[in-house]
Amino acid sequence: MTTWSTTLRPKDVLSVILGGGAGTRLFPLTKDRAKPAVPLGGKYRIVDIPISNCLNADLRRIFLLTQFNSSSLHRHVQDSYRFDNFAHGFVEILAAQQRTESESWYQGTADAVRQNLVHLGDYPHRLVLILSGDQLYRMNFQLLLERHVASGAEVTVATTPVRPEAAHAFGIMGMAPDGRVVRFVEKPSDPAVQASLRADWSRVEELEEPVDPDALPASMGIYVFDRAVLAEALAGAEADFGKHVIPKIIGTHRVHAFQYQGYWEDIGTIRSFYEANLDLCAPLPKFNFYDATSPVFTHARYLPGTKIIKSRIEQSVIADGCIINDAVIEHSLVGVRARIEAGATIRYSLLMGADYYETPDRAPPMGAPPIGIGQGTSIERAIVDKNARIGDSVRISPEGKPPHFDGPNFYVRDGIVVVPKNAVIPSGSEI
């Protein structure tokens, strides 16, 4: 049970989840869906992570801002998050729309929130918690919000320590000893600039464990704004929080950093998405879906248990409703309703499963193999999206291929073969 202080209550906070842009770095997984709707961990969607973090902190007034390929995301949220009439909670979808004062779609993260301030104003609140919809982490938002109030900040930016060699991919904060942000540099690569942004971690009181003295405080894209300050900060035409809003208000408002030291992964690329999913198969994964004190919620499907016949499975995660027949699966993650036939071998791969079971009235197209993995097929270092039809004796591997390549019914990204949703790969194919 979440216990809030007397100075801050859950009803003082509105949560805003940014549904993401076009998701080009996750293509082809985002070819037909929004980035937050991409399947994760065998049975979840990426958007379940920020929503669950909110619900676990008793934050039940949540807005989800969407724009690109959002139909499946809308359907998932509507099917998954329903509150009774007495809970005073909601997950409300705010899709991009043209208005009389502006005919443009969302131009960035800040612009997306700016265009929806009128909707936020319909609800009483003191603070606005702004979250990204494409990150994997578990954070105590109650602690973040209470630190914001206790520090006297008008804006709080969640940060995480990163090594200097990784700093070029982040916005880096320059911090005073009291945690106030005094400088912001977007993606610094110059060693001298990085050195000038180094924090004196020995004087930071909030740390739960020691930090590498060379580490730099990187923005996580998670913000807390006082209500009035958010409206003031968005009064101009700035498009993004990280690039424009935060650097602008550092000199005029009290902006503080909240130090987060747990696991956090921006799963915005094929490589990071692949590695984060396969890490879930480790004996002690960095992100623990088995933490009963902070569960991850999703759509309840009421699927039967997975059936495994005469198979060898090592260090893998198998979701609900699968049928696996005499197969070898090693260090792989298998999603819901997956069907894997005799003699198939799956290694270091992510199979997203299927949206439905094939029945006589939903038979495969003429000449196409059934949904799933056919007999004698071998798949290695690959992501197979939902509803893919892979025939018998198929070979799929990135071996001998360039790291970035487009094939007729597959893609190679970051050295990983990606078979897109609904793809058909005939028997005997070699990829």
*Within the chain, how many Lys pairs sit with Cα atoms under 21 Å apart, leaving out pairs fewer than 8 places apart on the same chain?*
15
_Testing the spin-label approximation: label points 7 Å from Cα along Cα→Cβ at Ile313 and Ala192. State their distance in nm._
5.7 nm
_Helical contribution to [θ] at 222 nm, DSSP H n ≥ 4, -39,500 (n - 2.57), averaged over the chain, rounded to 500_ = -4000 deg cm²/dmol
_Could you give the length gained by full extension between Arg9 and Lys31, i.e. 0.36 nm per residue of separation minus their alpha carbon distance, to one decimal place?_
3.9 nm
*Which percentage, to the nearest 5, of the DSSP beta bridges contained in the range 307-425 is antiparallel?*
15 percent
*Net charge over other residues, Cβ less than 12 angstrom from the Cβ of Met173 (K, R count +1; D, E count -1)*: +2
*Using a basic spin-label model with each label point 7 Å from the Cα along Cα→Cβ, how many nm lie between Glu146 and Asp326?*
5.9 nm
*Please order Ser15, Ser272 by the number of other Cβ within 10 Å, starting at the fewest.*
Ser272, Ser15
*Starting from the Cα of Glu430, move 7 Å in the Cα-to-Cβ direction to define the label point; list residues of the range 380-399 whose amide nitrogen is under 18 Å from there.*
380-381, 391-399
*Prolate/oblate/rounded call for the range 284-431, Cα gyration tensor, a/c under 1.5 rounded*: oblate
*Counting other beta carbons within 10 Å of each Cβ, put His125, His88, His76 in order, fewest first.*
His88, His125, His76
*Can you give the relative contact order of the range 307-425 as a percent, counting alpha carbon pairs under 8 Å and 6+ residues apart?*
18 percent
*Distance from the Cα centre of the range 43-75 to that of the range 323-353, in angstrom?*
28 Å
_Extension reserve of the Arg271-Ser71 stretch, reckoned as 0.36 nm per residue once the Cα distance is removed_ = 69.5 nm
*What is the chain's relative contact order, in percent, from Cα pairs under 8 angstrom and six or more apart in sequence?*
14 percent
*Return the FRET efficiency for the residue pair Leu207, Asn409: r is the Cβ-Cβ distance, R0 is 51 Å, and the value is rounded to the nearest 0.05.*
0.55
_Testing the spin-label approximation: label points 7 Å from Cα along Cα→Cβ at Glu165 and Asp355. State their distance in nm._
4.2 nm
*asked:* If neighbour count is taken as other Cβ atoms inside 10 Å, put Lys248, Lys307 in order from fewest to most.
replied: Lys307, Lys248
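FYI, it's all coordinate maths here, none of it is from the lab. Given the structure is predicted, the values throughout are model-derived calculations rather than measurements. Cβ: placed from backbone, ideal geometry, glycine included. Neighbour counts: every protein chain shown.
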